Structure formats: C-alpha cells, structure tokens
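K.L.:
Shown below is the structure under consideration.
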Amino acid sequence: MIQRPATLLTPSIFAFTLLLAGCGAGTDLAQRPPPGYVGDVAARVSAVDWAQARPVTVQLDEFRFQPDRLAFERGTPYRLTLENRGNVAHTFTSEGFFKAIAVRRVTTAQGAVETPALVNLEIPAGQTDVVEFVPVEAGTYDLACHEPLHSGFGMTGTITVR
Ligand SMILES: [Cu+2]
C-alpha cells in the first residue's frame, strides 16, 4: 500500500471518495405536495403565462453555487436552469424554498416530469436540470448542497422570495 501525505487529499478528492461510498442524496419529486408545502398547485401553475417565464441560471461546481444569492417574485413564472459544471454530483436543496413554491415541471436528462413539489434535486456531474415553478410564499430561505461535506466547503446560498 502506498502512503501519501495527507496534504495531497484535496477537498474534491475527499468528497468524491465519500460520494463513491454511496452517500448521494438523490433527486426526490413528490407526486402531491407533502405537509407544509403550498397547496392548489395545479390552479397556481395554470394561472400564469408560461410563455412569459423568466429564465434564471445557476451553475454548480466544486464547491459553490453561482450565483449563490437568488431572488424571485411571488406569482411570477420562472424557468430555473441548474447546470452542474463540476466533476461530481451536487444537490440544489432548500426545504424552505421548496415548501414556498408551486412546481409545474422538472426536466432532467431522463426527461420531463410533471410534479407539484420538490423534496430534493441532485444534478449528476455535467448534467442540467430545469425547474419550472411559481413562487408563492415570501421569505428568505437557506440553500445548500447536501453531498457529503460540500456545504462545509462553502456550497451554500440564500434564496429570497419577495
Ligand atoms: Cu455539492
């Protein structure tokens, strides 16, 4: 066995090793809004004009969201593109924000899923997810990547709904 100085263990190698150990959070889309989520999702989603959806793009890599401060307006349709430009999977996780929005559709590499609610989003390395949603509840919500150690390396952010 070859022993290496600990200083050669960069954060990305360390996290990647943990990821291989099977600690990924995974994408989780709800078939109906769980308790604590906004209701009347179908009505809220059909009440807006999706041709006017505002595009917002967030890039994810090791170990940050760019931008890491997001602001949305209630009642406005958004098309949020999440580009993982890194070499490992990252999650876009914000329980408070997910509870505050009405979701129309999530599109991943596997295709489009009509879903009213997000529980978690994990974007594989090099892939892009698109979330179409309408913000409903105003507030300020914490954003984080839930892959092991990533938030500790600074992969956090803030989402504001006005
Ligand atoms: Cu991450």
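K.L.:
Mind counting the residues in segment 40-56 that are assigned to a strand (DSSP E or B) and surrounded by 15 or more Cβ atoms within 10 Å (Cβ to Cβ)?
P.N.:
Residues of segment 40-56 assigned to a strand (DSSP E or B): 54-56.
Imposing the further condition that a residue be surrounded by 15 or more Cβ atoms within 10 Å (Cβ to Cβ) reduces the set to 56.
Within segment 40-56, residues that are assigned to a strand (DSSP E or B) and surrounded by 15 or more Cβ atoms within 10 Å (Cβ to Cβ) number 1.
K.L.:
Out of all the residues in segment 100-121, is one or more in a strand (DSSP E or B), more than 22 Å from Val41 (Cα to Cα) and under 11 Å from the mean Cα position of the chain (by Cα)? Even if it seems obvious, please write down each step before you answer.
P.N.:
Let us first name the residues in segment 100-121 that are in a strand (DSSP E or B), namely 101-108, 111-113, 117-121.
Checking the rest, the ones that are also more than 22 Å from Val41 (Cα to Cα) come to none.
For segment 100-121, residues in a strand (DSSP E or B), more than 22 Å from Val41 (Cα to Cα) and under 11 Å from the mean Cα position of the chain (by Cα): absent.
K.L.:
Tally up the residues in segment 118-146 that are of a type in the set (D, E, K, R) and over 11 Å from Phe92 (Cβ atoms), please.
P.N.:
So the count comes out to 3.
K.L.:
Here's something else I'd like to know. Say whether the condition of being exposed (fewer than 15 other Cβ atoms within 10 Å of the Cβ) and either at pLDDT 95 or above or in contact with a strand residue (DSSP E or B) (Cβ under 8 Å, 6 or more places away or on another chain) (or both) is met by at least one residue in segment 57-65.
P.N.:
Within segment 57-65, one or more residues are exposed (fewer than 15 other Cβ atoms within 10 Å of the Cβ) and either at pLDDT 95 or above or in contact with a strand residue (DSSP E or B) (Cβ under 8 Å, 6 or more places away or on another chain) (or both).
K.L.:
Within segment 60-86, how many residues turn out to be part of a strand (DSSP E or B), away from the ligand (no atom under 11 Å from the Cβ) and touching a residue at least 40 places away in the same chain (Cβ under 8 Å)?
P.N.:
Selection size over segment 60-86: 10.
K.L.:
If you don't mind, there's one more thing I want to ask. Search segment 128-157 for residues being away from the ligand (no atom under 14 Å from the Cβ) and surrounded by fewer than 17 Cβ atoms within 10 Å (Cβ to Cβ), and hand back the single one that is nearest to Asp40 (Cα to Cα). Working first, answer last.
P.N.:
Our first condition is that a residue be away from the ligand (no atom under 14 Å from the Cβ); within segment 128-157, this holds for 128, 130-142.
Within this subset, residues satisfying the condition of being surrounded by fewer than 17 Cβ atoms within 10 Å (Cβ to Cβ) are 130, 137-140, 142.
Working: Val130: 22, Glu137: 13, Ala138: 17, Gly139: 19, Thr140: 22, Asp142: 24 Å.
Of everything passing the filter in segment 128-157, Glu137 is nearest to Asp40 (Cα to Cα).
K.L.:
Listed residues Ala102, Ala125, Ala89; which is among the hydrophobic types (A, V, I, L, M, F, W, C), within 16 Å of the ligand (Cβ to nearest atom) and buried (at least 22 other Cβ atoms within 10 Å of the Cβ)?
P.N.:
Ala89 is the lone residue from the list that is among the hydrophobic types (A, V, I, L, M, F, W, C), within 16 Å of the ligand (Cβ to nearest atom) and buried (at least 22 other Cβ atoms within 10 Å of the Cβ).
K.L.:
Among the numbered conditions (1) out of contact with any Gly (no Cβ under 7 Å at 6 or more places or on another chain); (2) under 19 Å from Leu29 (Cβ atoms), tell me where Glu137 comes up short.
P.N.:
(2)
The values are calculated or read from the model by the stated rules, or taken from the named source; none is laboratory data. Everything quoted here is computed from the prediction, not taken from an experiment. All Cβ positions, glycine included, derive from the backbone under ideal geometry; neighbour counts span all protein chains shown.
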